[in-house]
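Enquirer: Dropping a structure here in structure tokens format, bear with me for questions.
Bear in mind these aren't lab numbers, they're just calculated from the coordinates by the rules spelled out. It should be emphasised that the depicted structure is a prediction, and the values quoted were computed from it without experimental measurement. Cβ atoms come from the backbone with ideal geometry, glycine included; neighbour counts cover every protein chain shown.
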Amino acid sequence: MMLFRSSFKLFNSSRVSAYQLYSTESLLSSSSSSSSSSSSSSSFSELRHQIIGGNGDPRIPVTPILNQWLQHGGSLTHNQIQYLIATLSYSRRYTHALQISEWMSESSKYNLTPGDVAKHLNLISKVRGLEQTESFYRGIPDALIGFKVNAALLKCYAEHKSLEKAEAIMKKIKKVRPVNSPACYNMMLKLYAQLGKYDKLDSLMQEMMEKDIRNGAMFTIRLNAYVAAADIEGMEKLLMRMEVDPLATVDWYIYTTAANGYLKGGNVEKALSALNKSERLAVGRSKWLAFASIQTIYAAIGNKDEVYRIWDKCKASNGFWNKDYLCMLSSLVKLGDIVGAEKISEEWESNYKVFDTRIPHLMIHTYCKLGMLDKAEAYIKRLLDSGKQLHASTWDNLAEHYCLDNNMEKAVQAMKTALSAERSRRRPKPFVLAAFLEYLKEKGDLESVLQILKFYL
């Protein structure tokens with residue numbers, strides 16, 4: 001175990017940057033008032049709030065908060081650390097989750113489990129790529145390498161679509177657990193489907209049938225593969241088979257998948273029939289997700305009446321969340337119903353409980369795309385006047401369309417606003433950046449040129 005922990009330190013010694021050291025101060029300063037008063041009786045909820053509810057910028061490390069917490073008498077159990085890692089991972093804050101996982105691994109207080117190592121492996125894959133994932137795997141003691149760790153490595157290979165390596169580790173897993181590993185089989189099925197390896201997909205499905213480890217996910221993966229390949233005949237045959245197989249899950253999702261397949265094949269009538277079946281099966285907690293999927297397909301078909309009918313059905317059932325408004329607005333934009341989208345947007349502005357920047361971004365992007373820059377400006381002004389802030393990507397989008405409209409003064413101003421927005425890392429399109437630099441060069445504004453180059457290059 002000591003060798004394992006030493007490898008962690010060597011592995012991470014080059015990861016600290018000047019930015020991280022600088023940013024640590026800003027992160028700690030935002031939480032120092034609560035941390036300085038911490039004592040041994042401090043509740044874990046305080047620490048959880050500082051890390052989970054704090055600044056999500058991946059460039060700012062969170063481990064100094066853990067160290068400060070312990071220095072002021074706080075304590076951390078193994079389960080609490082696992083909770084932090086899992087919660088950050090669920091929120092896609094993989095860099096912070098990896099930092100805490102490394103912090104735990106370097107500590108002598110916690111006995112790492114195979115599950116801890118497996119999670120760490122996946123986090124390295126997401127943050128640093130396959131090469132460093134494999135390097136870490138080679139340093140894991142044999143005592144900790146088992147099914148969980150090998151399955152985690154398989155997941156990494158599958159996510160990176162590394163077929164040969166995935167097949168090699170799958171072969172190793174089969175030797176350890178020749179029967180009871182359906183999750184690994186499903187990962188391979190999905191990988192084959194994504195890569196269009198349908199012969200291998202069918203062969204593996206047959207192997208699962210023979211070993212009696214078939215499951216509902218197996219059928220769903222194959223159905224999606226038929227849709228991706230526009231193989232409507234194969235899709236229909238599998239659908240009929242699923243409808244009589246007790247192990248197959250035939251729910252609203254299956255029929256929306258079929259509807260997409262029919263639509264892809266140009267058969268609108270069968271797509272509508274599948275949507276009707278899907279709607280009848282839309283029950284329970286997933287009902288709202290089902291309605292959103294059905295609504296989106298109706299929009300793709302071009303059936304505005306059905307889009308509004310599903311919207312009214314949702315409204316009558318239990319009101320709306322931001323995601324429901326976003327789905328409806330996207331559907332109306334796809335249908336070209338800008339007036340309808342504006343009405344829904346105004347309704348959202350009057351009723352939202354939590355401001356969601358994605359909704360104004362969608363409306364502003366739509367206005368810009370249609371050349372309605374005056375409407376985009378009016379919408380932005382109304383939001384800013386009410387104290388709201390817009391995401392950097394919204395300003396980037398506005399700057400791009402000002403550039404296309406040859407209004408470079410406003411384009412540069414929008415770009416500067418994007419640069420000053422918190423956590424902005426999006427790069428403008430090359431032609432936009434070139435136009436900015438040329439314009440500023442002609443004006444002799446070298447300070448702005450350097451500001452933009454320093455940020456993006």
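Enquirer: Note down the magnitude of the dipole of the chain about its Cα centre, charges +1 on Lys and Arg C-beta and -1 on Asp and Glu C-beta and zero elsewhere, to the nearest 20 debye.
Expert: Here the size comes out at about 1080 debye.
Enquirer: Oh, and also: From the helices alone, meaning DSSP H stretches of at least four residues, give me the mean residue ellipticity at 222 nm for the chain, per-run term -39500 (n - 2.57), in deg cm²/dmol to the nearest 500.
Expert: -23500 deg cm²/dmol
Enquirer: With point charges of +1 on the Cβ of Lys and Arg and -1 on the Cβ of Asp and Glu, referenced to the Cα centre of the range 179-250, which listed residue (Leu247, Tyr226, Ile213) lies farthest in the positive direction of the dipole?
Expert: Of the listed residues, the answer is Ile213.
Enquirer: What nm distance separates the two modelled labels at Asn79 and Leu404, each placed 7 Å from Cα along Cα→Cβ?
Expert: The modelled label-to-label distance comes out at 5.5 nm.
Enquirer: If you don't mind, there's one more thing I want to ask. Answer with a single label: of [x] 29.5, 118; [y] 24.6, 75; [z] 26.2, 74, which was calculated as Rg and Dmax of the Cα atoms in Å from the structure in view?
Expert: Working out Rg and Dmax of the Cα atoms in Å from the coordinates points to [z].
Enquirer: If you don't mind, there's one more thing I want to ask. For the range 154-263, what is the charge dipole size about the Cα centre, in debye to the nearest 20, if Lys and Arg each add +1 at the Cβ and Asp and Glu each add -1 at the Cβ?
Expert: Charge dipole, the range 154-263, about its Cα centre: 680 debye, nearest 20.
Enquirer: Treat each spin label as a single point 7 Å out from the Cα along the C-beta direction, and report the Leu437 to Lys369 distance in nm.
Expert: Distance between the two pseudo-spin positions: 2.9 nm.
Enquirer: Now a separate question. Where the centre of each part is set by its Cα atoms, how far does the range 314-343 sit from the range 346-412, in angstrom?
Expert: If we compute the Cα centre of each part, the gap is 18 Å.
Enquirer: As an exercise, identify the trypsin sites (Lys or Arg not before Pro) in the range 93-154 lying in DSSP coil whose Cβ has no more than 16 other Cβ atoms within 10 Å.
Expert: Here the sparse-neighbourhood loop sites are Lys109.
Enquirer: Put a dot 7 Å past each Cα toward the Cβ at Ala183 and Glu447; how far apart are the dots in nm?
Expert: Those two pseudo-labels are separated by 5.7 nm.
Enquirer: I would also like to ask the following. On a full-extension model of 0.36 nm per residue, what is the gain between His160 and Ser91, subtracting their alpha-carbon distance, rounded to one decimal in nm?
Expert: My answer for the length gained is 22.8 nm.
Enquirer: Next up: Residue separation times 0.36 nm, minus the C-alpha to C-alpha distance between Glu233 and Arg285: what's the value?
Expert: Between Glu233 and Arg285, full extension yields an extra 15.5 nm.
Enquirer: Take the residue pairs Lys343/Lys369; Lys155/Lys277; Lys171/Lys200; Lys197/Lys264; Lys410/Lys443 and return only those whose Cα atoms are more than 22 Å apart.
Expert: Violating the 22 Å Cα-Cα cut-off are Lys155/Lys277.
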